[in-house]
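These notes concern the structure reproduced below.
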Amino acid sequence: MIIQTIRMKSVTAEGMGTLSVFEAEHDVPFAIKRIYYIHDVPAGVQRGGHAHKKLRQLLWCPYGKIRIRLDNGREKTDVMLDDPTIGLVVEHYMWREMFWEQDNSVLCVAADSFYEAEDYIRDYDEFLNAIKGKDLD
Ligand code: TYD
C-alpha cells in the first residue's frame, strides 16, 4: 500500500516554538472545503471504522499521538501520527480506524468536500463489496 504523507513547511523561532503551514492545492493534492478536529479524547479510545465513496482527506496530529490504521481491502498498514509537521493523505475507498495512544491527542482533518452522511460506508462487508473491480491503489 502506498502511504502518502506531506511534510509541512515549519519555521522555528529560537526559544519561541515552531509555526507549521500547508497550503491547499500547493502542498495538499486537493482544494479544501472543510476542516474538523477531534479533541478531548481519552487514551485507549478507538474511532473511525468507515470509508468514504468520494471524500479525500488530510489527517494530522498537532498534539499527541494517534495511530491510524489504513485498510484498502487487501492490506492493512498502521501509520503513527506523533509529529505535528506530518500530514497523512487518505484517499477515497480507504477503510480507516484511529486509535488514541495518548490522552487529549488532537486529530485535525482537512477534507475536499462538505459533510455528506451518504458518502460514508460504515459496514465493512459493504466496503469490501464496493471496492470489488475498482482500480484503486
Ligand atoms: P464520524 O465521521 O463518524 O467520526 P469518527 O469516525 O471519528 O467517529 O463523525 C462523528 C459524528 O459527527 C457523526 O455523527 C457525524 C458527525 N459529523 C458532522 O456532523 N460533520 C462532519 O463534518 C463530520 C466529520 C462528522
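The values are calculated or read from the model by the stated rules, or taken from the named source; none is laboratory data. Note that the coordinates shown come from a computational prediction; the quantities given were computed from them, not determined experimentally. With ideal geometry, Cβ positions are generated from the backbone for all residues, glycine too; neighbour counts draw on all protein chains shown. Side chains included, ligands, DNA and RNA excluded: accessible areas come from the protein's heavy atoms. Shrake-Rupley method; radii C 1.70, N 1.55, O 1.52, S 1.80 Å.
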Measure off, as a whole percent, the carbon and sulfur share of the 1.4 Å-probe accessible area of region 41-81, all protein chains present. 47
Counting only the heavy atoms of the protein chains, how much of Arg96 is accessible to a 1.4 Å probe, in Å² to the nearest 10? 10
Give me the lysines in straight-line cross-link reach of Lys53: C-alpha distance below 21 Å, same-chain residues under 8 apart excluded. Lys33, Lys76, Lys132, Lys134
So, relative contact order of the chain in percent, Cα under 8 Å, 6 or more apart, is 34
When you count, for each residue, the other Cβ atoms within 10 Å and take the mean per peptide, how do 108-114, 75-81 rank with the highest first? 108-114, 75-81
The answer for the net charge of residues other than Val109 whose Cβ lies under 13 angstrom from its Cβ, with Lys and Arg +1 and Asp and Glu -1, is +4
If each of Leu128 and Val11 carries a label point 7 Å out from its Cα toward its Cβ, how far apart are those two points in nm? 5.0
Just the number please: accessible area per residue for the chain, 1.4 Å probe, all protein chains included, in Å². 58
